[in-house]
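J.: Mind having a look at this structure? Questions to follow.
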2 protein chains.
Amino acid sequence: MFRSHNCGELRAAQIESQVTLAGWVHKVRDKGFVTWIDLRDRYGITQLVLDAERTDAALLEQARTLGREFVLQVKGTVIERASKNPNIPTGEIEILVAEMTVLNEALTPPFTIEDDTDGGEDLRMKYRYLDIRRNPVKESLVFRHKVSMEVRKYLSDQGFIDVETPYLIKSTPEGARDFLVPSRMNAGQFYALPQSPQTFKQLLMVGGMDKYFQIVKCFRDEDLRADRQPEFTQIDCEMAFVEQEDILNTFEGLTRHLLKEIKGVEVAAFPRISFDDAMRKYGNDKPDIRFGMEFGELNAVAQHKDFKVFNSAELVVGIAVPGGASYTRKEIDKLIDWVKRPQVGALGMVYVKCNDDGSYKSSVDKFYDQDDLAQWAQATGAQKGDLICVLSGDTNKVRAQLSALRMEMAERLGLRKADEFAPLWVVDFPLLELDEETGHYHAMHHPFTSPKPGQLALLDTDPGAVKANAYDLVLNGNEIGGGSIRIHDKETQAIMFKHLGFSPEEAKAQFGFLMDAFQYGAPPHGGIAFGLDRLVAILGGQETIRDFIAFPKNNSGRDVMIDAPATIDNDQLDELHIALKD
Amino acid sequence: MFRSHNCGELRAAQIESQVTLAGWVHKVRDKGFVTWIDLRDRYGITQLVLDAERTDAALLEQARTLGREFVLQVKGTVIERASKNPNIPTGEIEILVAEMTVLNEALTPPFTIEDDTDGGEDLRMKYRYLDIRRNPVKESLVFRHKVSMEVRKYLSDQGFIDVETPYLIKSTPEGARDFLVPSRMNAGQFYALPQSPQTFKQLLMVGGMDKYFQIVKCFRDEDLRADRQPEFTQIDCEMAFVEQEDILNTFEGLTRHLLKEIKGVEVAAFPRISFDDAMRKYGNDKPDIRFGMEFGELNAVAQHKDFKVFNSAELVVGIAVPGGASYTRKEIDKLIDWVKRPQVGALGMVYVKCNDDGSYKSSVDKFYDQDDLAQWAQATGAQKGDLICVLSGDTNKVRAQLSALRMEMAERLGLRKADEFAPLWVVDFPLLELDEETGHYHAMHHPFTSPKPGQLALLDTDPGAVKANAYDLVLNGNEIGGGSIRIHDKETQAIMFKHLGFSPEEAKAQFGFLMDAFQYGAPPHGGIAFGLDRLVAILGGQETIRDFIAFPKNNSGRDVMIDAPATIDNDQLDELHIALKD
């Protein structure tokens, strides 16, 4: 046994006990006559003490040679600490050291192992094994473990069965790019790594598994935007003999359970909002509803008043920024510059100050009188002291721009509180999405999503208007889960494939096994998948997922710690029946 | 809601209730005036009844059109069953059907959905989604879920943290062949899929994670022997600040917990046996100790008696087969043929019948008298009525041959009971193994396994004699787990790499990150990995793992259901900077 206790558990009750501890030298303070060492492990920090009066001289000398991050084993007596440290759980005691063994030496780490480190992102990733010693990273990984365990416990208690689906599957042309794995035993053929276990979970429903879940790695070979990873983790679920309502209730239950068990937060029934309403009220299909600032559409009250910019716009829409009337001219100009940044892309911004005396002062006073502006205030819900910000243009673009402004203002006003949780369901998504480049429709969710009952015929006449039995779970402005009721009959699936531009041959080659399966008694079924990395980060009150992943990759898909990917031997290429191409 | 109850939960207490059920038509029995339907789902079977007296004629007519595996929803009343079926939990009741909806039709399945199916292995694999509807497969998957959940619960309660390690890693030359994944973003470079998270779990220990576990898919691109899969699942664990004793105790605890919770079996402290003793007593490093028949070495009592075959042999060794003295001459001849099969490879077998009157009758009576044979009986522990089977030859070969015979005889005698569990630890494995073909040593466990204290110097003089801090957990003749105390200092690791034939440059290129990590304060650590597929199969009392895997691959590494691997588009090859080679 290397230790009798860990570094986080000794208290005043153990005073006088003989103990053995092991851990890392976090800090050494040498005052000549007395040396204190902070010994650290996963569980905490315990102070060791050696002094001229009570400690063997050789031992005291040895203590002075210890460097940061040396691995140490000590035996000693738990004693009461003269100056207690109320900030740490072990702060009432210290260990009077009697024996000390250096289990391993350590080079000086390239950055400090402290909550706030001096190491930059690159250095931290290269030495991730040292970064993990830091509290914020370590706690994030422990937190992730707790969330995973609770998810599994809850779903298992609800009768869900954890079934492992294969990682070496078949490439499909639908969706993102696959990672491929050349087969040695089947020359010229390739496996693909799954983008999700979608077809397998549907086959499990055909197989009568009834309720399935899995916490599973998925893979997408996409150009990585910030905070995306080529491999990511999904909580993947599917249920048979269910309608949308059953799924929403089940996974609202899971989410509520997590919020309560993990965060101690009780939330009311989740609001439900249609995709169309979400776009109208928030310009966004994953609205953050921790705060208001809902969109007010102003076409009816702002158009046809000689202001050409608005008259020629498809949509005029504004939000009321609380307290914004006190902004100086300079501050407002900076805000206008902000919306004109390429990342937002607005051409300009009209504003109205709602003065405390009930009057309005706008940047378009030339075109609108006080009564007009009062109508704007009503439409946006603006109160005295607010600033109404108005954008105009093409509906989709202007909504996205105003959504960006709404989020920015909420951020500046401190309304996006990390410890507040506002989940909601977004429902009634469009079934298809128009690819503006190609003019083709593709599945907004995926090709197995069922249209709303009775809307199948609409596919021929107005495909963009068809709504799907699809739903997203949104938390604090992030989509944390999404799913749908699936098509479970072969005929509907064939119609869908046709509208997605698959020839019958292509559909058969790619999804033949699924369509075959549907002939042998497929039950009605549906499911959902949660992005675990994101869910954990949001529950942990963080914006980025990287510290909730033990060994993340950088934006080029590289693991800089192990230096992967890497070149391989020619023998390996030969065995796989492939060659490099320039 | 498609159902108010599932097909396994209605009992006499619910008689008179109005219920809605959904499931698959398992069987229809039409007696003209009355029709019974067995409706099946994951939870059980409930009998539906329709008859001329109580059921609408159109409904009765509809019931006659139902085919096997149709998906059905029915509403009706729970009534008492006239002839109860004590064999199923719902056997006291049936449902008098009032409404019936066919949710989906079904083609006739290619094999019967029964416990004993008429479908062969190939057909079952092609239609695995139908195979999963069969009780034995479904129950195996549910059983696997229960084992996984218990493993996670136990380890988490013991303070282990579930940390996900990456799947896209770096190829290493050590061990089996890697599956490789070409990188699109890093032209000419490849990721590898992990054969195990070995280096990552060691880095987590360097990172202070203290206790790690993960249930994780691993990948080996090997020519598949029967009952091996290219992707398999490991329970992967690692602990810091431990010695071998700590690991053995912890995972003996886990195994005992599983046996108790899952099988209701209490087992005593696990025996521990050295590798050398296991080979001597059972000819096998994964002995099945549910039964005796330990080896008796006979060199001292059987050599130098004019029997040349024995005199020239390195080892003469036998086992006592209980009750075998009653074998006829013909049966014994068949046994001799069995040991001479190429799979076993013995050149012959000497036998001794231990007669009930205390006399011996052997096939070598010409060379050995009754006193000699009495000594053989003593050495093999043979009792009156037993048959002593003796093989001879080169030590390693003859041990393997006698081990095969021992297992075969136990099987024939019904001593390998599926519901009996006899776990043990095999310890003190050799550190290195001689590759007879190349004459080089390689790591028996893996290159990070530490030698026994004080044996490092032996590496230079007698590498084959060096023992490792390595251990296997063996259950009923199968290795279900194996691990070691790792090397945690850079110097020892460098010595190991040298003896394994890595140049310093090769070692740095492949494992540089691990050796670097060891410079920054690596704690003493060790771990273990269990093969989950095998563990679950053995706990489930089965010999083969395939039915405990939802979607297994065949011996050519193919998934015959989805038809993977498959050819891919040239565009995909181009993007990955590779070309096919003939």
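The values are calculated or read from the model by the stated rules, or taken from the named source; none is laboratory data. This structure is a prediction, so every number in the text was calculated from the model and none was measured. Here the Cβ positions follow ideal geometry from the backbone for every residue, glycine too, while neighbour counts run over all protein chains shown. Surface accessibility is based on the protein's heavy atoms, side chains included, excluding ligands, DNA and RNA. Shrake-Rupley method; radii C 1.70, N 1.55, O 1.52, S 1.80 Å.
J.: Semi-axes of the protein assembly as shown's equivalent ellipsoid from the Cα gyration tensor, sqrt of 5 times each eigenvalue, largest first, rounded to whole Å?
T.: 58, 45, 28
J.: Turning to a different aspect of this structure: Could you give P(r) for segment A:197-276, binned at 5 Å from zero, as whole percent values over all Cα-Cα pairs?
T.: Histogram of Cα-Cα distances, whole percents per bin: 3, 11, 16, 15, 18, 20, 14, 3, 0.
J.: If you don't mind, another one. When the distances between all Cα atoms of segment B:135-248 are binned every 10 Å from zero, what whole-number percent does each bin get?
T.: 12, 33, 34, 18, 3
J.: What is the Rg over Rh value, at two decimals, for segment B:12-104, using alpha-carbon atoms and the Kirkwood definition of Rh?
T.: 0.92
J.: List, by residue number, every residue in segment B:38-81 with a reduction of 20 Å² or greater in accessible area between the chain on its own and the complete protein assembly, 1.4 Å probe.
T.: For segment B:38-81, once contacts with the other chains are taken into account, B:Arg42, B:Tyr43, B:Val71 lose 20 Å² or more.
J.: Then there is this: Please report, in debye to the nearest 20, how large the charge dipole of segment B:12-104 is about its Cα centre when each Lys and Arg carries +1 at its beta carbon and each Asp and Glu carries -1 there.
T.: So the dipole magnitude of segment B:12-104 works out to roughly 300 debye.
J.: Charges at C-beta only: +1 for Lys and Arg, -1 for Asp and Glu. How large is the resulting dipole of segment B:122-242 about its Cα centre, in Debye rounded to 20?
T.: Dipole of segment B:122-242, to the nearest 20 debye: 540 debye.
J.: Normalised by the empirical 2.2 N^0.38 Å for globular proteins, what value does the Cα Rg of segment B:60-204 take?
T.: Dividing the Cα Rg of segment B:60-204 by 2.2 N^0.38 Å gives 1.71.
J.: Still on this model: Mind checking the per residue accessible area of the protein assembly as shown for me, 1.4 Å probe, whole number of Å²?
T.: 41
J.: Compute the distribution of all C-alpha to C-alpha distances in segment A:3-45, in bins of 5 Å from 0, and list the percent of pairs in each, rounded to whole numbers.
T.: Calculated P(r), rounded to whole percents: 6, 21, 25, 23, 19, 6, 0.
J.: What's the whole-number percent of alpha carbon pairs in segment B:505-582 lying beyond 21 angstrom?
T.: 67
J.: For a protection proxy built on the mean count of beta-carbon atoms within 10 angstrom, sort A:555-567, A:77-89 highest first, please. Mind showing how you got there, number by number?
T.: On the way: A:555-567: 19.7, A:77-89: 12.8.
Ranked by mean Cβ neighbours within 10 Å, highest first: A:555-567, A:77-89.
J.: Let me ask another. Arrange the peptides B:203-213, B:7-17, B:234-244 so that the one whose residues have, on average, the most other Cβ atoms within 10 Å appears first.
T.: B:203-213, B:234-244, B:7-17
J.: Would you work out the charge dipole size for the protein assembly as shown about its Cα centre, treating the Cβ of every Lys and Arg as +1 and the Cβ of every Asp and Glu as -1, and quote it to the nearest 20 debye?
T.: With Lys and Arg at +1 and Asp and Glu at -1, about 1020 debye.
J.: Could you tell me how far the Cα centroid of segment B:33-92 sits from the Cα centroid of segment B:341-409, in Å?
T.: The two parts, judged by their Cα centres, are 62 Å apart.
J.: Of the listed peptides B:386-394, B:540-548, B:129-137, B:328-336, what is their order by residue-averaged count of other C-beta atoms within 10 Å, with the highest listed first?
T.: Order by mean packing, descending: B:386-394, B:129-137, B:540-548, B:328-336.
J.: Summarise the accessible area of segment A:12-104 (1.4 Å probe, protein heavy atoms) by the percent that is carbon and sulfur. Could you put the intermediate results ahead of the total?
T.: Working: 2100 of 4240 Å².
The C+S portion of the solvent-accessible surface of segment A:12-104 is 49 percent.
J.: On to the next question. Work out the mean other chain Cβ neighbour count within 10 Å for the residues of B:553-565 and drop it here as an integer.
T.: 6
J.: Oh, and also: So how tilted is helix B:370-380 from the main axis of chain B? Cα-based, degrees 0 to 90, rounded to 10.
T.: Computed tilt is about 60 degrees.
J.: Between A:Asp227 and A:Lys397, what is the FRET efficiency for a Förster distance of 30 Å, r being their Cβ-Cβ separation, to the nearest 0.05?
T.: For A:Asp227 and A:Lys397, the calculated efficiency is 0.80.
J.: Mind checking the log10 I(q)/I(0) for chain A at q = 0.06, 0.10, 0.11 Å⁻¹? Debye, one equal scatterer per Cα, no solvent, two decimals.
T.: Normalising to I(0) and taking log10 leaves -0.46, -1.05, -1.15.
J.: Based on the alpha-carbon set only, what is the convex hull volume of segment A:187-343 divided per residue, in Å³?
T.: Expressed per residue, the convex hull around the Cα atoms of segment A:187-343 is 254 Å³.
J.: Using alpha carbon coordinates only, what is the Rg to Rh ratio of segment B:291-416, with Rh defined as the Kirkwood radius? Present the calculation step by step, with values, prior to reporting the outcome.
T.: Working: Rg = 13.2 Å, Rh = 14.2 Å.
Taking Rh as the inverse mean 1/r over Cα pairs, Rg/Rh reads 0.92.
J.: Heads up, I need the accessible area for A:Val364: 1.4 angstrom probe, whole protein in place, Å², nearest 10.
T.: Accessible surface of A:Val364 is approximately 10 Å².
J.: A further question on this structure: Work out how far the C-alpha atoms of segment B:56-120 reach from end to end along every principal axis, then list the three figures in whole Å, largest first.
T.: So the three principal-axis extents are 39, 31, 16 Å.
J.: A further question follows. In whole Å, how far is the Cα centre of segment B:280-333 from that of segment B:141-200?
T.: Measuring centre to centre over Cα atoms gives 43 Å.
J.: Excluding A:His145 itself, calculate the net charge of residues whose Cβ lies under 13 Å from the Cβ of A:His145, where each Lys or Arg counts +1 and each Asp or Glu counts -1. Each step should come with its number before you reach the end.
T.: Numbers: positive: A:Arg42, A:Lys138, A:Arg144, A:Lys146, A:Arg152, A:Lys153, B:Arg152, B:Lys153, B:Lys211; negative: A:Glu139, A:Glu150, B:Asp157, B:Asp162, B:Glu164, B:Asp210.
Summing Lys and Arg as +1 and Asp and Glu as -1 gives +3.
J.: Rounded to the nearest angstrom and ordered from largest down, what semi-axes does the equivalent ellipsoid of segment B:404-446 get from its C-alpha gyration tensor (root of 5λ)?
T.: Equivalent-ellipsoid dimensions as semi-axes: 33, 16, 7 Å.
J.: Where does the charge balance sit around A:Ala13 when Lys and Arg score +1, Asp and Glu -1, over other residues with C-beta under 15 Å from its C-beta?
T.: That works out to -2.
J.: For the pairing of chain B with chain A, what total accessible surface becomes buried, with a 1.4 angstrom probe, in square angstrom to the nearest 100?
T.: For B against A, buried area totals roughly 10900 Å².
J.: Considering the convex hull of the alpha carbon atoms of segment B:448-558, report its projected area averaged over all viewing directions, in nm², one decimal.
T.: Taking the Cα atoms of segment B:448-558, their convex hull projects to 10.1 nm² on average.
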